[in-house]
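Notes follow the structure.
The values are calculated or read from the model by the stated rules, or taken from the named source; none is laboratory data. A quick note: this is a predicted structure, and the numbers were derived from the prediction, not measured. Note that each Cβ is placed from the backbone with ideal geometry, even for glycine, and that neighbours are counted across all protein chains shown.
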Amino acid sequence: MTPRLPAVDPMLEGGLLWAPLLVVLVKVLVVFLVGLVATMLMVWFERKVIAGMQNRIGPNKAGPFGLLQTLADGTKLFMKEDLIPERADRFVFKLAPYLAFVPAFLAFAIIPLGGDWSNGKAGMVTLFGQQTRLQLADPPVGVLFALAISSIAVYGIMLAGWSSGSKYPLLGSVRASAQMVSYEAALGLSLGAVLLVAGTLSTSGIVGQQVTLGDWNVITTGFVPFIVFLIAATAELNRPPFDLVEAEQELVGGFNTEYASIRFALFFLAEFMNTITMSALIVTLFFGGPQPVSIGSTVLDIPFLPGALEGTVWLLLKVLVFLYVYVWFRATLPRFRYDQLMDLGWKLLIPASLGWFMLLAAQRVGNRAGWDRWTVTLVTALVIVGAYALLQAALKVSRDNRERDGAGF
Amino acid sequence: MGYLGGFLVTLRQHGYRKKVTTEYSGGRVWRRKKDDSRDRKIDKPERLHGRHVLNRYEDGMEKCIGCELCAGVCPARCIYVRGRDNDPDNPTSPGERFGFVYEINYLRCIHCDLCVEACPTEAITESKLFEFSFTNRQDAIYTKDELLVDDAGHPRQLPWEDWREGEDTHTSGWMRATAPSGDAGFEGVVSWSGELGHGVRAPEPVQSERDAEDN
């Protein structure tokens, strides 16, 4: 660990040269294309898996196993008439899809996509004679960047609904802003636990610390932040069971009701791209990203594969698990009611992640000061129980007040 | 762990090999390998309302008498009929008159079967064919020549129609659910006249027996 502020990429230190520039351009292109293709495959994967869970076959006509179905759907959307409602705010209406689409791809830039993590090489590979990471950008504020970008994506949805000049999209966007703002808090707080343990915000730094299975942040932070993060991420993505934003049964199509043609395709693309990015972020933060799975000193090495590619394969496998989990959620869980959604976010996830964050912080302070570990745990637990009791008391008081005022819930 | 039980249900279903989907047209696998097992269609219900046929009596006489009741009852106004007096020496139908022009516009037909119910001679009935995607408006108007059964009593099969086995065999006979005007007293009684190529259709089984068979 060098004390100076690290550059975005080590190869960019000491003047701008042609080779690094070329490498960066290639990386941009690859990340963009991988994003597009992955989205296409994700749509296919989701349809196929959910069909399997419902005893159906799923797309199987276009291309082998129906792989090209998304391409066909996309082409169809391109050909469709582009409609702008009479009462829409034309500029904002046109802007909104890009506000949803661009952040989806930007957030993908900070995900470590592979690299050679064996023997302490820290994911460095040699490209055109340049030592670099298989990651478009590795800013020192990496994880905060992801959070910031995912907040911008809210604007896309919010403005889309607002600018449509139509009531159902407006309702959808109101729900979207409330939901995403609520769950952003839980997302950030559960992330805090990881950052506390890792001591760095850079995604490659976080990955670099999770060498063996026991070092994975899901274990070092004690599962609770992971579960909170998974639920909050699902809500942040507006995926079922948190898809109130586009609840078809209630809101026609939600925020994108008035959208057609390529603008609709952009929303659709952004949604699935965000799912992939969020899965990759979960893997990066909690499951060691492109690190190979290793128990103790035994590394599960993939045979016949150069070390530089191995990271990508591991990342792909781990991300696939989470993509499956998201589809699984969708196939299993019915949609939340709006008040249940708010209850879960504010009364359960935020207090839980905050309390857990405190517990971890107290443990760290205690370790450093040499206090007795069990005493620290006991005191923190007592404080948490006290705080929980206070919270419940507060909820009860406000519920009683509401009932006295005659509100029905 | 009641909350998590649902997850196992969906996961088990994913491992379940049997699918409820019928691979309707076989898709590209069928086109490439000509594997007919992929080109499946579910059996159609006996009383499905499909494309019409005009029937003949067993002696080859047309059943249609040109009364225009079907045209009158049609809610979509898609039937056009003109009757004409039979030539006494060479009659087309057993009655006084016959359907001289008979046209159905399938761009308008909603397959409600009211024409079948209105017909006093069971001349017009419906087959189980519903896949006939014509490509121009002229083809959409079926003329009497196209609707009338051939000399063997089978419906004419036009090039754009996708006939499957069994769709042309029961063009009638199921048209009256249990009995005329739903009277259970007519169950098991043949209440329609014989047809060219098929003879007199078997009577509809008694409803309660059918129900017992189905369950």
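Here are a few things to note about the model shown:
- Filtered residues of region A:78-90 (kept if among the charged types (D, E, K, R) and in a helix (DSSP H, G or I)): A:ARG90
- The single condition from (1) at pLDDT 85 or above; (2) touching a Gly at 6+ places or on another chain (Cβ under 8 Å) that A:LYS347 fails is (2).
- Residue match in region A:287-301 (condition: under 14 Å from the mean Cα position of the chain (by Cα) and either closer than 30 Å to A:ALA381 by Cα or surrounded by 15 or more Cβ atoms within 10 Å (Cβ to Cβ) (or both)): yes
- Filter pass, A:PRO241 being touching a Pro at 6+ places or on another chain (Cβ under 7 Å) and within 17 Å of A:GLN179 (Cα to Cα): yes
- Residues (in a loop (DSSP other than H, G, I, E, B), touching a residue at least 40 places away in the same chain (Cβ under 8 Å) and over 13 Å from the mean Cα position of the chain (by Cα)) located in region B:124-153: B:THR143, B:ASP151, B:ALA152, B:GLY153
- Being within 24 Å of the chain's Cα centre (by Cα), over 30 Å from A:TRP328 (Cα atoms), more than 14 Å from chain A (Cβ to nearest Cβ) and modelled with pLDDT under 80 holds for only one residue in B:ASP36, B:ASP43, and it is B:ASP43.
- In region B:1-22, of all residues being more than 20 Å from A:VAL325 (Cβ to Cβ) and facing another protein chain (nearest Cβ under 9 Å), the one that is surrounded by the fewest Cβ atoms within 10 Å (Cβ to Cβ) corresponds to B:LYS18.
- Test result for B:PRO45, closer than 30 Å to A:LYS61 by Cα and either surrounded by 13 or more Cβ atoms within 10 Å (Cβ to Cβ) or of a type outside the set (D, E, K, R) (or both): yes
- Every residue from region B:73-123 that is assigned to a loop (DSSP other than H, G, I, E, B) and basic (Lys, Arg): B:ARG77, B:ARG108
- Reported count of residues in region A:373-391, each being within 21 Å of A:GLY345 (Cβ to Cβ) and either surrounded by fewer than 12 Cβ atoms within 10 Å (Cβ to Cβ) or over 32 Å from the mean Cα position of the chain (by Cα) (or both), is 2.
- Selection status of A:THR75, crowded, with 19+ Cβ neighbours inside 10 Å and either in a helix (DSSP H, G or I) or within 14 Å of another protein chain (Cβ to nearest Cβ) (or both): no
- Test: residue in region A:140-151 that is under 17 Å from the mean Cα position of the chain (by Cα), of a type in the set (S, T, N, Q) and modelled with pLDDT under 85: yes
- Matching residues, region A:1-35, being among the aromatic types (Phe, Trp, Tyr) and either modelled with pLDDT of 85 or more or under 25 Å from the mean Cα position of the chain (by Cα) (or both): A:PHE32
- Taking region B:49-64 as the range and being crowded, with 22+ Cβ neighbours inside 10 Å and not polar (S, T, N, Q) as the test, the residues that pass are B:ARG51, B:HIS52, B:VAL53, B:LEU54, B:ARG56, B:GLU62, B:LYS63, B:CYS64.
- If you go through region B:82-93 and keep only what is out of contact with any Lys or Arg (no Cβ under 7 Å at 6 or more places or on another chain) and loosely packed, with under 15 Cβ neighbours inside 10 Å, you end up with B:ARG82, B:ASP87, B:PRO88, B:ASP89, B:ASN90.
- A:VAL102 without any contact (Cβ under 8 Å) to a residue 60 or more places away in the chain and more than 14 Å from every other protein chain (Cβ to nearest Cβ): yes
- Residue count for region A:194-223, restricted to those that are free of Cβ contacts under 8 Å to residues at least 12 places away in the same chain and aromatic (Phe, Trp, Tyr): 1.
- For region A:16-58, filtering for residues that are part of a helix (DSSP H, G or I) and within 14 Å of another protein chain (Cβ to nearest Cβ) leaves 9.
- Tabulated pairs, region B:1-24, first more than 29 Å from B:ASP43 (Cβ to Cβ), second of a type in the set (Lys, Arg), C-beta under 8 angstrom, 6+ apart or interchain: none
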